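The values are calculated or read from the model by the stated rules, or taken from the named source; none is laboratory data. These figures come from a predicted structure and were not determined experimentally. Cβ: placed from backbone, ideal geometry, glycine included. Neighbour counts: every protein chain shown.
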Amino acid sequence: MTAGQLAALAALGAFHGLNPAMGWLFAVARGMQEGSRTVLLRSLPPIAAGHLASVAIVAAVVSATRSAVAGNVVAITGGVLLVGFGLWRLLSERHFRWAGMRLSRAQLAGWSFLMSSAHGAGLMLLPVLATTPMATGPHMAHTMAAAPGGALQGLLAAGVHTVAMFAVMGGCAVLVYEFVGLNVLRRAWFNVDKLWAGVLVAAGALTIALTA
Amino acid sequence: MTRWTPDPTFYASPRDAVRAPAEQLAYVAAFDRAAEKPDAIAVVDTDPASGAYGTVVGWTDLPHTGDELHHFGWNACSSALCPSAPHPHVERRYLIVPGLRSSRIYVLDTKDDPRNPRLVKEIPAEDLATKAGYSRPHTIHCGPDGIYVSALGGGSTEGPGGIAILDHTTFEVRGAWENDRGDQYFAYDFWWHLTRDVLVSSEWGTPSMIEDGINPELLVGRKYGHSIHFWDLAKRTLVQTVDLGDQYQMPLELRPAHDPRKEYGFVGVVTSVEDLSASVWVWHRDNGEFKVTKVIDIPAEPADAADLPPALQPFGAVPPLVTDIDLSVDDRFLYVSCWGTGELKQFDVSDPFHPRETGSIRLGGVTGRVPHPSAPDERLAGGPQMVEISRDGKRVYVTNSLYGSWDDQFYPHGVGAWMAKIDVDTENGGMTLDERFFPHGDEFRGLRVHQTRLQGGDASSDSYCFP
């Protein structure tokens, strides 16, 4: 992966981390409910883990498929179809019904996984993943044996992405909890979902442009 | 359509909501007891700087008759900021308006012309019955994951009553809320402690027990509801039922503390069959279990039988009939309406277990018939009934009708229609009637007035996930 691609993955992670709906607001709520910054901080790793799982599945599938199958277009189309199906399943219920506020850390990770998946967080990495050079030697390009290597590369991408997401999410949570206060939400909680849809479309277009 | 930034009427915490700007308009449910004219939402000007202050400035007739509009609510509110299922960019613009008698639910859009809300959807009674198994929709709350509607009756049966969920966006009936209702059968009001995953519900009676008025045999036989139910809000299962004792008939309105760190709330009981007193109780968590403790007792007031309606003559007293209570957003003042005696009481409930009475206003009443200071010659019928408090806690609005058939029993010569506004001393407690604000009589076109909702939200519409 080039420095530019790593930077792009990190930037996308930061973008996800900024979104209150992706988790930092939940961490703040838990901290405020108990009046404890420790509770806030302890909520962050499960949220990041759930996000990582969501992104990693998409990234690994896309990368592994790219390594194993000749022709980028096939890989991308397959990935898009798969994730599109998942998205449709998740979004068709709109606000998913598992809406409890008192979650164990495992449940919190599960919540984060669902939230990230419902918003297609992994999909957003597609332009980067699709343009990353294959981690395979010229003698073994596009064979089934190359798939594990490709998947590893996908996991690496998801990891870089999630580290950035975690850092930004943690920063936002602590900043709002300690200094800024929740009133900032009224002005600053930009409708990321709307933007998200636009970015997803742009990401798809970019992927096709870069790989076609 | 969604917004780019959160709806400005959403507040993360009750502390922030208290600083909300004053409401410009109030929406009031108005119904025709004769079911000859359509029911309506009346819009009242609440801006003191306006030339039309305290008058009806808008009116939306509904397309059918006989709905008996009762309680209603907003499609979305501050709970949209809750982090477990956030959707902060929806708009608070639709009023969800159920007909308690017809079981129809209307959706009115207040955005384009706030003074004349426009009907945009009608959910027929059959939808509520077939999709959720309920009828007689009552209380509306905007939840984090959908619109919650309590209902008193079953779809084609007397019961059980319960809660139906409407989709946030399409307003379609999605189904019954309960996963496991245990032995819960009666329904009435509900609310929740969102951050504790607790839902609380109360009990009135099934349709046949209420629609023809209070049935004295059922009342004396202690057959109306007398329990409070506590549910797991996430799992949608009944966890605990607390029986107040069968002499305490009809625990109705539920007002949990707005501060999400607190886990107590108030419930008003209409009457005790032993002495016709009314009471207010507080629920609270004690070693994991919920307990419900009586904290306010309001005695019946003796009266000459000659002054009483037939229903009360055998008792020689006027029961207070606590039929609505409301808690200010800062959790400090509880307002208790005594619809029988015609009194609104204000209690300082900073210590919920030791309420301190800080104010009282008399209007109407079965025997008092106390007039409003702006019309001193008009003996008022009905009493302060539905109470709504502005978000800053400085203004309280009351209307005078309870429920068609009950109005007729307790005020057989006609209950009339009036709405009053009370100014509150939020520092020391105490209430004063606003003499400039008294829409009444013909202003409501012969309809009776029930619940009020304030533009932008009020003390009984929004719930908060942050302290």
Count of segment B:327-344 residues which are under 23 Å from B:Trp204 (Cα atoms) and surrounded by fewer than 24 Cβ atoms within 10 Å (Cβ to Cβ): 1
Quick one: B:Gly205 ticks every box in (1) within 14 Å of chain A (Cβ to nearest Cβ); (2) within 25 Å of B:His450 (Cα to Cα) except a single one, so which number is it? (1)
Among B:Arg115, B:Arg104, B:Arg93, which is more than 23 Å from B:Asp462 (Cα to Cα) and away from chain A (no Cβ under 14 Å)? B:Arg104
Subset of segment B:414-432, residues among the charged types (D, E, K, R) and in contact with a Lys or Arg (Cβ under 7 Å, 6 or more places away or on another chain), comes to B:Lys421, B:Asp423
One residue from B:Leu69, B:Leu108, B:Leu119, B:Leu81 being among the aliphatic types (A, V, I, L, M), under 20 Å from B:Asp145 (Cβ atoms) and in contact (Cβ under 8 Å) with a residue 12 or more places away in the chain: B:Leu81
Looking at the structure I just gave you, is B:Phe290 touching a residue at least 40 places away in the same chain (Cβ under 8 Å), part of a strand (DSSP E or B) and either farther than 18 Å from B:Arg332 by Cβ or touching a Ser or Thr at 6+ places or on another chain (Cβ under 6 Å) (or both)? yes
Taking only segment A:20-48 into account, find how many residues are under 18 Å from the mean Cα position of the chain (by Cα) and facing chain B (nearest Cβ under 9 Å). 7
Which of the strands (runs of 3 or more DSSP E) contained wholly in segment B:54-151 include at least 2 residues that are more than 21 Å from B:Glu388 (Cβ to Cβ) and among the hydroxyl-bearing types (Ser, Thr, Tyr)? B:134-142
Only one of B:Trp231, B:Trp191 is within 14 Å of chain A (Cβ to nearest Cβ) and not acidic (Asp, Glu); which? B:Trp231
Among the numbered criteria (1) outside any strand (DSSP E or B); (2) in contact with a Leu (Cβ under 9 Å, 6 or more places away or on another chain), which single criterion is violated by B:Thr195? (2)
How many residues are assigned to a helix (DSSP H, G or I) and either of a type in the set (S, T, N, Q) or under 16 Å from A:Ala106 (Cβ atoms) (or both) if we restrict to segment A:1-38? 6
What is the one condition in (1) within 14 Å of another protein chain (Cβ to nearest Cβ); (2) of a type outside the set (Asp, Glu); (3) under 18 Å from the mean Cα position of the chain (by Cα) that B:Ser79 does not satisfy? (3)
Step by step: first the residues of segment A:1-14, then only those that are within 12 Å of A:Ala164 (Cβ to Cβ) and in contact (Cβ under 8 Å) with a residue 24 or more places away in the chain, then the one that is farthest from the chain's Cα centre (by Cα). Which residue is that? A:Leu6
Please verify whether segment A:145-164 includes one or more residues that are within 30 Å of B:Arg19 (Cβ to Cβ) and at pLDDT 95 or above. no
Extreme residue, farthest from B:Leu363 (Cα to Cα), among residues of segment B:419-431 that are free of Cβ contacts under 8 Å to residues at least 60 places away in the same chain and within 22 Å of the chain's Cα centre (by Cα): B:Asp423
Selection within segment B:260-276 - surrounded by fewer than 19 Cβ atoms within 10 Å (Cβ to Cβ) and either closer than 30 Å to B:Gly175 by Cβ or touching a Ser or Thr at 6+ places or on another chain (Cβ under 8 Å) (or both): B:Arg261, B:Glu263
Which ones in segment B:234-278 are over 21 Å from the mean Cα position of the chain (by Cα) and within 14 Å of chain A (Cβ to nearest Cβ)? B:Ala234, B:Lys235, B:Arg236, B:Thr237, B:Val239, B:Arg261, B:Lys262
